[in-house]
Amino acid sequence: MGVGAVFLLLIIIWATDTAAYFYGTYQGKKPLCPQISPNKTWEGAIAGTLTAAILAGITGPYFISLASFQGLLLGLIV
């Protein structure tokens with residue numbers, strides 16, 4: 001379970017960052033916190049969170065023995 005959990009975590013983080021970047025770049029309008037990072041948007045943050053939840057729900061049962069809803073919750077936490 002250890003190697004699978006680490007691999008799943010890395011995949012979730014990579015997919016979250018990628019989705020947040022691309023969606024925020026092309027569809028983002030509302031800045032998240034312009035004083036800290038002016039290019040981060042609410043839309044990118046939401047897209048990244050949803051991507052993490054969906055991806056973990058789909059791949060969680062394959063890497064570590066989780067039910068789909070447990071993977072979904074794991075993705076939201078990550």
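Given a 1.4 angstrom probe, I'd like the percentage of the accessible area of the chain that is carbon and sulfur, rounded to a whole number.
Working: 3870 of 5410 Å².
Of the solvent-accessible surface of the chain, carbon and sulfur hold 72 percent.
What is the chain's relative contact order, in percent, from Cα pairs under 8 angstrom and six or more apart in sequence?
Values: 118 pairs, mean separation 24.2, N = 78.
Relative contact order for the chain comes out at 31 percent.
Rank these residues by their accessible area, most exposed first, probe 1.4 Å: Ser68, Ser37. Please list the in-between numbers first.
Values: Ser68 70, Ser37 30 Å².
My answer, sorted largest first, is Ser68, Ser37.
Relative to the first principal axis of the alpha-carbon coordinates of the chain, what is the inclination of helix 2-27, with its axis defined by its Cα atoms, in degrees from 0 to 90 and to the nearest 10?
20
Could you estimate the translational diffusion coefficient of the chain from the Stokes-Einstein equation, with Rh from the Kirkwood formula over C-alpha pairs, at 4 °C and 1.567 mPa s, in whole µm²/s? Please report the intermediate quantities before stating the final value.
Values: Rh = 12.8 Å.
Translational diffusion coefficient: 102 µm²/s.
Taking only protein heavy atoms and a 1.4 Å probe, what accessible area per residue, in Å², does the chain have with all protein chains in place?
On the way: 5410 Å² over 78 residues.
In whole numbers, the chain has 69 Å² accessible per residue.
The values are calculated or read from the model by the stated rules, or taken from the named source; none is laboratory data. Source: prediction; values computed, not measured. To get the accessible areas, we keep the full protein, side chains included, count just its heavy atoms, and leave off ligands, DNA and RNA. Shrake-Rupley method; radii C 1.70, N 1.55, O 1.52, S 1.80 Å.
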